[in-house]
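The values are calculated or read from the model by the stated rules, or taken from the named source; none is laboratory data. Nothing here was measured: the structure is a model prediction, and the numbers come from that model. Because the Cβ atoms are built from the backbone with ideal geometry, glycine has one as well, and the counts that use them run over all protein chains shown.
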Amino acid sequence: MRKLAMVAGLVSLSLAAACSSGSGVKASGTSGSTSSTTGPSSSSNGVASPQVSVASGSASGASSPATATGGTKVAMLLTGAINDDDWNYVGYQALQQVKSQDHAETSYNENVGVADATEKANQFVSDGYKVVIFHGSELLNSAEKLAMADSDVTAIGQDATGALPNQAKNLWIVQLTFYPGEYALGYAAGLLANGGKACFISGLSVPSTISAANAALRGMKAANPSVQVAYTFTGDFDDATKGRQAAASMINDGCTSFVVHLNGAVPGVVQAIKDSGKDIPWLGLYTDKHGMDASHYVGGFEFNFSKAYTSIVSNIENGTRTGSYNLGSDISLTPLYNVTSAQNSAITKVFAAVQSGATKVPNLTSNVQVP
Amino acid sequence: MDAGQFFSANLLRGAVLAATPLFVAGTGELITELGGTLNLGLAGLVVTGASVGATVTYVLGNAGIDPLWGILAAAAAGCLLGLLISYATVTLKIHQVTIGLTIFILTSGLADLIYRIGIGVTSTSIHIETLPNLRVPGLATIPILGRVLFTQTLYGYLAVALLMPLLWLLFRTNGGLRLRAVGENPRAVDSLGMNVFRIRYVSIVAGCMLACVGGAYFPLAFTGSYDPTSAIGQGWIALMLVIFGRWRPIPFLLGVGLFGYIGALQSQLMVTVQSVPPDLFLMLPYVLAMVVLVATYGRAVQPASLVKPYEREARY
């Protein structure tokens, strides 16, 4: 009897740990645990190699955007739910665009964790899917594994640094160029911190988010060199409970503005701000979240994944099965709310400057360095 | 982080907020297990409560309906699932571990399905109305305690007001004695003319209802969103806390408080201690629980008839 109690306790504890850390059983998949990408840490923007094509804002490698032959079976693995109004929703939207524009047959799997991605990708491959999109930089290892294991399938992964050294001939990389946009969001947070503390909050500590954190912190300091800055990684982009607890801790620690680089966990941060009773402005990514928090949300930037994936799939259908696509110029600023016209103008100007390259933002992916 | 910050009002308040769903769901499981039924589907019930609560509140929220209706809907879902589990374990006498894990798998998928059907895929931000904080006049101004205990949502106040007396009733009244007797020696209870099956039914349904209500806390009082991962994780922790508490109310409450505190502390440490990788702090609650479980192993005495179905005609 005692043994049963002990075993039950240990089993439930293990499952709780697994679920909370993101690698346990979940309704339709598992959420991810920490995973490192294999891309090099560099401060440069993408690496060109003889084997791959590197372009900014578009995929090169095809002599022309030839007519899509259509009929390709394209699958997508998403790290969260498609109704998160965030990262996974834009991925799902992009897949729908691939379906309509490239006349592809599509399917997707939600809430895919790092531990399950390879298996789920193999399931799609065994169902005849020839292109598998790994929508999440934490899934890059699985994308590489798939590419190496099956030369008939083309994998599309994501990374902060662009083309990989020794990139497989059937692997595309979408370079997640968060850092220019994050710099602008950081600038806005620094401007709106009102002399307090501007904070950056994200989920997993992977190169793309480390790069984003570094850019955001530098943007904060650029807006106001005397502003204090802080950052934290909750360990899960989609755990709203952790998001709320982390944001509450940061608010208790003096944060007066936020750059929120989370997905499903964003509502948790919103709740923490509301619970504090303080007027704390925040900025986010991927979609306009004004409807979520009209009183405090300022704005964010959006990535055009639709353009990226449709372009890549077209190239794949035309025979170009490897390359690198830089999302850099495919980002746009959402409308800005809860700011004065002067602040609006300043933030928009900084965003335009980083977009055009007039303001150079370093891509620091190895570790967060507080300026 | 200096010593005083370990007991700051904000941290302690965070602990209370984190402990609340564990308290509600764990009390439900305690009631169920004291009656002799091990409900391994608890985590699935918690996430189902979160899903039903979020979906109903979101759908009705546009009509200005209070989030409390979402909590009631979650309770109703818990009752239905409790009846299912009761029928399977008490009437059909299916092995409780089997049915528990089956229910967990079923409800985990059901929860996501309910949410997807109710909310769908939308391009607009999903805004789930949450319960507002209610400050108790006068008491809310007490230093530290005011912020910690008297600035909670209605959910928090009701949880304490209803469940604390319930725990007292379980161990200080004849009704509670009957329930515990069913969990220890159902044959003796049957010989006295009391309906063992009905008592087990009631304990299971009540436990499942509280489990779902505990799950509804996340979207309606804590995060404003449906997050199955953390709900399932909290469900498993609540199950473990009953064992940790040795099926007694005081140790159970101490465990709830401890886990709530560690949950809040881990977030605070991740923010203030930047030199340590945050992943180490994420491990804190589970490392602590392992240590305590091992330390209390020898003293844990579960209800004698836990996991055993009662058969009146069986020869023992």
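Would you check if residue B:101 is at pLDDT below 95 and within 14 Å of chain A (Cβ to nearest Cβ)?
Working: at pLDDT below 95: no; within 14 Å of chain A (Cβ to nearest Cβ): yes.
So residue B:101 does not fit the description; no.
Need pairs with beta-carbon distance below 9 Å; first residue farther than 26 Å from residue B:218 by Cβ and within segment B:137-152, second surrounded by fewer than 17 Cβ atoms within 10 Å (Cβ to Cβ) and among the charged types (D, E, K, R); sequence gap 6+ or separate chains.
Close Cβ pairs (under 9 Å, with a partner that is surrounded by fewer than 17 Cβ atoms within 10 Å (Cβ to Cβ) and among the charged types (D, E, K, R)) amount to B:141/B:135.
Kindly evaluate residue A:371 against the criterion of being surrounded by fewer than 24 Cβ atoms within 10 Å (Cβ to Cβ), in contact (Cβ under 8 Å) with a residue 60 or more places away in the chain and not in a helix (DSSP H, G or I).
Values: surrounded by fewer than 24 Cβ atoms within 10 Å (Cβ to Cβ): yes; in contact (Cβ under 8 Å) with a residue 60 or more places away in the chain: yes; not in a helix (DSSP H, G or I): yes.
Yes.
Looking for whichever is modelled with pLDDT under 90, out of contact with any Cys (no Cβ under 6 Å at 6 or more places or on another chain) and either among the polar types (S, T, N, Q) or not in a loop (DSSP other than H, G, I, E, B) (or both) here; the options are B:316, B:286. Which one fits?
On the way: B:316 fails: either among the polar types (S, T, N, Q) or not in a loop (DSSP other than H, G, I, E, B) (or both).
Result of the check over B:316, B:286: B:286.
Kindly check whether there is at least one residue in segment A:267-290 that is modelled with pLDDT of 95 or more and hydroxyl-bearing (Ser, Thr, Tyr).
no
Having 2 or more residues that are within 28 Å of residue A:344 (Cβ to Cβ) and either without any contact (Cβ under 8 Å) to a residue 24 or more places away in the chain or away from chain B (no Cβ under 14 Å) (or both) is the bar; report the strands (runs of 3 or more DSSP E) wholly within segment A:239-327 that clear it. It would help to see each step written out before you state the result.
Numbers: elements: A:255-261, A:282-285, A:297-303, A:323-326.
It comes to A:255-261, A:297-303.
In segment A:108-117, what residues are more than 10 Å from residue A:77 (Cβ to Cβ) and surrounded by fewer than 20 Cβ atoms within 10 Å (Cβ to Cβ)?
Scanning segment A:108-117 gives a single hit, A:115.
Go through (1) within 14 Å of chain A (Cβ to nearest Cβ); (2) assigned to a helix (DSSP H, G or I); (3) buried (at least 20 other Cβ atoms within 10 Å of the Cβ) for residue B:31 and report which single condition fails.
The failed condition is (1).
Which condition number in (1) in a helix (DSSP H, G or I); (2) modelled with pLDDT under 95 is the one that residue B:63 fails?
(1)
May I ask you to list the residues in segment A:128-146 that are free of Cβ contacts under 8 Å to residues at least 40 places away in the same chain and surrounded by fewer than 24 Cβ atoms within 10 Å (Cβ to Cβ)?
A:145
Just checking, does segment B:81-98 include any residue being among the basic types (Lys, Arg) and within 14 Å of chain A (Cβ to nearest Cβ)?
We begin by selecting, within segment B:81-98, every residue among the basic types (Lys, Arg); these are B:93.
Retained after the next criterion (residues that are within 14 Å of chain A (Cβ to nearest Cβ)): none.
Scanning segment B:81-98 turns up no residue that is among the basic types (Lys, Arg) and within 14 Å of chain A (Cβ to nearest Cβ).
For segment B:81-92, enumerate the residues that are surrounded by 14 or more Cβ atoms within 10 Å (Cβ to Cβ) and not hydroxyl-bearing (Ser, Thr, Tyr). If you could, list the steps in order and put the result at the bottom.
From segment B:81-92, those surrounded by 14 or more Cβ atoms within 10 Å (Cβ to Cβ) are B:81-90; that's our starting set.
Those that are surrounded by 14 or more Cβ atoms within 10 Å (Cβ to Cβ) and not hydroxyl-bearing (Ser, Thr, Tyr): B:81, B:82, B:83, B:84, B:85, B:88, B:90.
When you go through B:171, B:222, B:244 one by one, which is the residue that is of a type outside the set (D, E, K, R), farther than 30 Å from residue A:79 by Cβ, within 14 Å of chain A (Cβ to nearest Cβ) and touching a residue at least 12 places away in the same chain (Cβ under 8 Å)?
Values: B:171 fails: within 14 Å of chain A (Cβ to nearest Cβ); B:222 fails: farther than 30 Å from residue A:79 by Cβ.
When all the criteria are applied, what remains is B:244.
Let's see how each residue does on (1) under 23 Å from residue B:89 (Cα atoms); (2) surrounded by 20 or more Cβ atoms within 10 Å (Cβ to Cβ):
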site	(1), (2)
B:16	no, yes
B:23	no, yes
B:36	yes, yes
B:40	yes, yes
B:59	no, no
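One residue is enough: does segment B:125-133 have a residue meeting the conditions in a helix (DSSP H, G or I), in contact (Cβ under 8 Å) with a residue 24 or more places away in the chain and within 30 Å of residue A:240 (Cβ to Cβ)? Break it down into steps so the answer makes sense when it comes.
If we filter segment B:125-133 for residues that are in a helix (DSSP H, G or I), which is where we start, we get none.
No, there is no match, as no residue in segment B:125-133 is in a helix (DSSP H, G or I), in contact (Cβ under 8 Å) with a residue 24 or more places away in the chain and within 30 Å of residue A:240 (Cβ to Cβ).
Residue A:192 passes all but one of (1) out of contact with any Phe, Trp or Tyr (no Cβ under 8 Å at 6 or more places or on another chain); (2) at pLDDT below 95; (3) more than 11 Å from chain B (Cβ to nearest Cβ); which number fails?
Single failed check for residue A:192: (2).
What pairs can you find where one residue is in segment B:5-23 and more than 16 Å from residue B:271 (Cα to Cα), the other is at pLDDT below 95 and among the charged types (D, E, K, R), and their Cβ atoms are less than 7 Å apart, with a gap of 6+ or different chains?
Final answer for the pair search is B:9/B:147; B:13/B:147.
So residue A:194 fits all but one of (1) part of a helix (DSSP H, G or I); (2) surrounded by fewer than 24 Cβ atoms within 10 Å (Cβ to Cβ); what number is the exception?
(1)
Do you know which residues across segment B:111-123 are among the hydrophobic types (A, V, I, L, M, F, W, C), crowded, with 19+ Cβ neighbours inside 10 Å and at the interface with chain A (Cβ under 8 Å from one of its Cβ atoms)? Show your work before the answer.
Just the residues of segment B:111-123 that are among the hydrophobic types (A, V, I, L, M, F, W, C), to begin with: B:111, B:113-114, B:117, B:119, B:121.
Those still in the list that are crowded, with 19+ Cβ neighbours inside 10 Å too: B:111, B:114.
Listed by number, the list holds a single entry, B:111.
Just for segment B:247-274: of the residues that are under 11 Å from residue B:284 (Cβ atoms) and in contact with a strand residue (DSSP E or B) (Cβ under 9 Å, 6 or more places away or on another chain), which one is farthest from the other protein chains (Cβ to nearest Cβ)?
B:270
Could you list, ordered by first residue, the pairs with Cβ atoms under 9 Å in which the first is in segment A:351-364 and within 13 Å of residue A:187 (Cβ to Cβ) and the second is among the basic types (Lys, Arg), at least 6 apart or interchain?
Filtered contacts from segment A:351-364: A:354/A:360; A:361/A:218.
I'd like the residue in segment B:262-281 that is assigned to a helix (DSSP H, G or I), in contact (Cβ under 8 Å) with a residue 12 or more places away in the chain and of a type in the set (Val, Ile, Thr) and, out of all such residues, is farthest from residue B:12 (Cα to Cα).
Selected residue: B:272.
Would you say residue A:155 is surrounded by 20 or more Cβ atoms within 10 Å (Cβ to Cβ), free of Cβ contacts under 8 Å to residues at least 40 places away in the same chain and touching a Gly at 6+ places or on another chain (Cβ under 6 Å)? Explain how you work it out, then say what you get.
Values: surrounded by 20 or more Cβ atoms within 10 Å (Cβ to Cβ): yes; free of Cβ contacts under 8 Å to residues at least 40 places away in the same chain: yes; touching a Gly at 6+ places or on another chain (Cβ under 6 Å): no.
So residue A:155 fails the test.
Only one of A:180, A:165 is within 22 Å of the chain's Cα centre (by Cα), part of a loop (DSSP other than H, G, I, E, B) and more than 14 Å from chain B (Cβ to nearest Cβ); which?
Numbers: A:180 fails: part of a loop (DSSP other than H, G, I, E, B).
None of the other options fit; the residue is A:165.
Mind listing whichever residues of segment B:124-137 are touching a helix residue (DSSP H, G or I) at 6+ places or on another chain (Cβ under 7 Å) and facing chain A (nearest Cβ under 7 Å)? Before the answer, list the steps.
Quick first cut of segment B:124-137, residues touching a helix residue (DSSP H, G or I) at 6+ places or on another chain (Cβ under 7 Å) only: B:126, B:128-131, B:133-134.
The answer is B:126, B:130, B:133.
Taking residue A:213 as the residue in question, decide whether it is in a helix (DSSP H, G or I), within 14 Å of another protein chain (Cβ to nearest Cβ), under 16 Å from residue A:160 (Cβ atoms) and touching a residue at least 40 places away in the same chain (Cβ under 8 Å). Before the answer, list the steps.
Numbers: in a helix (DSSP H, G or I): yes; within 14 Å of another protein chain (Cβ to nearest Cβ): yes; under 16 Å from residue A:160 (Cβ atoms): yes; touching a residue at least 40 places away in the same chain (Cβ under 8 Å): yes.
Judged against the criteria, residue A:213 is a match.
It is to be established whether one or more residues within segment B:177-184 are out of contact with any Pro (no Cβ under 9 Å at 6 or more places or on another chain) and within 14 Å of chain A (Cβ to nearest Cβ).
no
For segment B:177-204, which positions are under 21 Å from the mean Cα position of the chain (by Cα), β-branched (Val, Ile, Thr) and either exposed (fewer than 14 other Cβ atoms within 10 Å of the Cβ) or farther than 15 Å from residue B:39 by Cβ (or both)? Write out each step before concluding.
Within segment B:177-204, the subset under 21 Å from the mean Cα position of the chain (by Cα) is B:179-180, B:183, B:199-204.
Among the residues that remain, those that are also β-branched (Val, Ile, Thr) are: B:199, B:202, B:204.
Of everything in segment B:177-204, just one residue is under 21 Å from the mean Cα position of the chain (by Cα), β-branched (Val, Ile, Thr) and either exposed (fewer than 14 other Cβ atoms within 10 Å of the Cβ) or farther than 15 Å from residue B:39 by Cβ (or both), namely B:199.
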